[in-house]
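All remarks here apply to the structure that follows.
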Amino acid sequence: MQNNAFFQKLLEEKGEYKLFKIYNSLEMQIHERNTQLCQVGELGDTFFIIIRGEVGILKPSNYEEEYHDFIQLYQFMVDNLKFIQDVKDSHSSIILRFIKMISQRELRSLNFKTLENMESFLDDMIKHLNTDTQDKIVKFYGLDQHKLGRNAVKEMSDDMTFLRFFRKEVRLLADGKIKKIVTHFEILREVAMLKPG
């Protein structure tokens, strides 16, 4: 820390005794890459001094874009998922809900080439949800059909309704009945990069 510009300036301005008192009250923290230390609007209770590495300052900003199909929007949202703060249009909401239904492993491997690929994937999800999900939930929790509960059944029904709606939207795009998708959401953008000193 003696080579750190911040501490050198403190030493010059406050002297060794005050710097020693500051040293005694410090707590070393080491954070993994891409760790979020605090969020915009959150009341801070920690003062950070960067000794090694870099810290990016991200600020929410409005993002508006026009897409010609769900594939482009899907890819953008998957690539920027951790930076998306709030969706403000129905198409982005659809894609976000779809992404949340898919496992992280599957999400990384999905690469839709055409709307027909996406439609086929949705058909498979609907088929799977129709035939397997209720049985799997029953077996996993060791329940019989009567004890499954209204909430689980309602959730499966909501997922089914959503997937059918999404599939219909994909078909409308594929048929050219929807020409473009206008999106609007809030996304975190880097506004500064802090370095040691």
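The values are calculated or read from the model by the stated rules, or taken from the named source; none is laboratory data. From a predicted model like this one, the values you see are computed outputs, not experimental measurements. Cβ placement follows ideal geometry from the backbone for every residue including glycine, while neighbour counts extend to all protein chains displayed.
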**Q.** Every residue from the range 169-188 that is touching a strand residue (DSSP E or B) at 6+ places or on another chain (Cβ under 6 Å) and of a type in the set (Asp, Glu)
**A.** Glu186
Q: Could you give me the residue pairs with C-beta distances under 7 Å whose first residue belongs to the range 147-172 and is under 15 Å from Glu116 (Cα atoms) and aromatic (Phe, Trp, Tyr), whose second residue is at pLDDT 85 or above and surrounded by 13 or more Cβ atoms within 10 Å (Cβ to Cβ) wherever it lies, and which are 6+ apart or on separate chains?
A: Phe166/Ile94; Phe166/Phe98; Phe166/Leu122
Q. For Gln75, are the conditions met, namely being among the polar types (S, T, N, Q), surrounded by 12 or more Cβ atoms within 10 Å (Cβ to Cβ), closer than 30 Å to Gly176 by Cα and under 24 Å from the mean Cα position of the chain (by Cα)?
A. yes
Q. Considering only residues of the range 35-72 that are of a type in the set (S, T, N, Q) and in contact (Cβ under 8 Å) with a residue 40 or more places away in the chain, which is farthest from Lys88 (Cα to Cα)?
A. Ser61
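For the range 58-69, name all the residues that are of a type outside the set (D, E, K, R) and within 11 Å of Val182 (Cα to Cα). First the steps, then the outcome.
Taking the range 58-69 first, the residues of a type outside the set (D, E, K, R) are 58, 60-63, 67-68.
Residues satisfying the conditions are Tyr63, Tyr67, His68.
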Q: Take the residues in the range 17-50 that are loosely packed, with under 10 Cβ neighbours inside 10 Å and among the charged types (D, E, K, R), then tell me which one is nearest to Leu194 (Cα to Cα).
A: Arg33
